[in-house]
Amino acid sequence: MSLLKIDGVWKHYRGQSVLRGIDLEVAPHEVVCLIGASGSGKSTLLRCVNLLEAVDDGTIHLDGAEITDPGVDPDEVRKRIGTVFQAYNLFPHMTVLDNITLAPRKVHRTPRAEAEKRAGELLARFGLADRAGEYPDRLSGGQQQRVAVIRAIATRPRLLLLDEVTSALDPTLVTEVLGVIRELKATGMTMILATHEMEFARDIADTVCFLDGGVLLERGSPEQIFTAPEHPRTREFLSRILGRL
Amino acid sequence: MTEEARPTRVETVTAAPETRSWVKSERQIRREAELRRRTRRSVSVATASTLLVAVTVVVAVTASPGWPRVRETFFSPTAFTEALPDVLRGFLLNIKIFLVAEVFILVLGLIVALVRGLRSPVFFPLRALAVLYTDIFRGIPTILLVYLVGFGIPALQLQGAPADPVTLGVIALVLSYGAYVAEVFRSGIDSIHPSQRAAARSLALSHGQTMRYVVLPQAVRRVVPPLLNDFVSLQKDSALVAMLGPLEALRQAQIHAASTFNYTPYLAAALLFIALTVPMARLTDHLAARTARRHLGGGGRA
């Protein structure tokens, strides 16, 4: 059974359709990369999945239960979904450790000692053990984004959404964040990434989806999408962004 | 971002720059001397112009035909020393009034600001009430409010309604300033970027938890300078309670002035208020400057 099932999702903003009937299924442990130009609907789709945006039509199921039903408590859904944002969105008035343990302690009612122990383990695993007591603005962009990833997975979500997590980073810092995502894939984390890093998408994705004008135009294995795209729009997009094909 | 590209990049980054020691150049020494000379010149110009203005004002005032009479009625040392103990005792009541009022003002202001931020339709009546409250009480001059509360509430002859003029005065100040402070808090809450809320909500924090742990701690830090500004203003307005009769600084000065036909006691009261508000104003400036520095991307804890 699929972990996430998106059926015919539409979303409008100010009379414009941003998502036009998106269908997508994500299996457990699958890594899906959403590619496409800015404004193609990648971020909006992610925001619909964690209910930061309400869909205007269609349904989304998580673990077989519909989450787009008006009676569903969004907080119960978000407890099972982690999100990492393009601009990190760490809480500037809290230390790294407090950023990570806030949700485990206040939402999941994990005792402080236990939450801090897990946070410490995650920080150590991603090379940030000595940063626990720092405030976010003392960290480099790459370090901040790694903390944001740890914050998102500290509550052991079923699904992780990553919204262009390297777009705000200096090119020299991109690799360290991508390294973390690679490691998460190795642990079997189910992920949906909106990304502009084509090399990385090709390397890490099980499935690549190409969005164009709010429509999921083409999906397939990275091999198929990057070497033999079927749709002319996909070909055009890839040749523009990769400068070849 | 290919793996092969990495080694070269790491090399350029870690290659140690050539170590050099700095010997100040002739050019820099001359530049610094010129800068010192300019600083000296602007300091002397500022001193000279300040002195000129001060002397002119003093001469103009003391040379005016009414000056001897003014000196007698406003600057009488004997009247000052006679009135000061009573005015000072009255001023302690002012301090008590604004300290007590400030606590209630902060609580009321925060509650009103939070109520205005509630989105659920269930809270519509509360939200409307909060809007009505800020609209009305920001519009009424504080002195009118002091009269209305001070004479209106006792006139109702309600069982258990406060009759003590100090309590009534505090209530009037709280109602008036609560409306201003609510707006200050609201602007602080609105100034927190929506992405902070999105991050908190995506971690499954409820609206209340998002406010309490993420939005409010940042908002309150930002509005400390404007809040202190309102606090300075409140210190002065504590004198309005004099209209209801309690023996605070202004009332004491009035009593002395009435019995001696000398206005120096007012000056004594004014000096006491200044002695308290000036340090507060400097603290406000200092905090505002610090906040500005941080927002301009300096280091430290945001």
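Taken together, the values in this text are just the output of simple stated rules run on the coordinates, not laboratory data. Owing to the predicted nature of the structure, the values given are computational and were not obtained by experimental measurement. All Cβ positions, even for glycine, are placed from backbone atoms using ideal geometry, and neighbour counts span all protein chains on display.
In table form, for the structure just shown:
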item	result
Rounded FRET efficiency, nearest 0.05, which uses the C-beta distance separating B:Ser233 from A:Arg138 and R0 of 35 Å	0.40
Cα gyration tensor shape of chain A, rounded if a/c is under 1.5, else prolate or oblate by comparing a/b with b/c	oblate
Overall form of region A:65-199 per C-alpha gyration tensor (a/c, 1.5; a/b vs b/c)	oblate
Above-threshold pairs, the threshold being 25 Å between Cα atoms, out of A:Lys42/A:Lys106; A:Lys5/A:Lys42; A:Lys79/A:Lys117; A:Lys106/A:Lys185; A:Lys11/A:Lys79	A:Lys42/A:Lys106; A:Lys106/A:Lys185
Zone residues, region B:241-270, relative to B:Leu88, backbone N less than 20 Å from point 7 Å out along Cα-to-Cβ	B:247-257, B:263-270
At R0 = 22 Å, FRET efficiency that the Cβ-Cβ distance of A:Ala168 and B:His193 yields, to 0.05	0.95
Long-range amide H partners of A:Gln86 with built H, under 5 Å	A:Asp163
Beta bridge orientation in chain A: antiparallel %, DSSP, nearest 5	55 percent
Stretch gain in nm, segment B:Ala161-B:Val131, where the contour uses 0.36 nm per residue and the Cα spacing is subtracted	8.2 nm
Cα gyration tensor shape for chain B, rounded if a/c is under 1.5, else prolate or oblate	oblate
Value of relative contact order over region B:92-192, rounded to a whole percent, pairs C-alpha under 8 Å and six or more apart	44 percent
Potential extension, A:Asp56-A:Asp73 segment - 0.36 nm per residue separation minus Cα distance	4.4 nm
Separation between Cα centres of region B:60-93 and region B:208-262, rounded to whole Å	25 Å
Residues in region A:182-210 that a label on A:Arg156 would reach, taking backbone N under 19 Å of a point 7 Å out along Cα→Cβ	A:184-191
Considering only the protein assembly as shown, percent of DSSP beta bridges that pair antiparallel, nearest 5	55 percent
Residues B:Ile274 and B:Arg138, FRET efficiency given R0 of 22 Å [Cβ-Cβ distance, rounded to 0.05]	0.25
Exposed chymotrypsin sites (Phe, Trp or Tyr not before Pro) absent: longest stretch of chain B, with sites in DSSP loops and at most 14 other Cβ within 10 Å deemed exposed	B:76-260
In nm, spacing of pseudo-spin labels at A:Glu223 and A:Arg235 (7 Å Cα→C-beta vector)	2.1 nm
Gain in span if fully extended, A:Leu242 to A:His108, counting 0.36 nm per residue against the direct Cα distance	43.9 nm
Label zone at B:Thr260 (point 7 Å along Cα-to-Cβ), backbone N below 14 Å, region B:78-96	B:78-88
Karplus (6.51, -1.76, 1.60) ³J(HN,Hα), θ = phi - 60°, over region B:112-117, in Hz, Gly and Pro reported as x	4, 4, 5, 4, 5, x
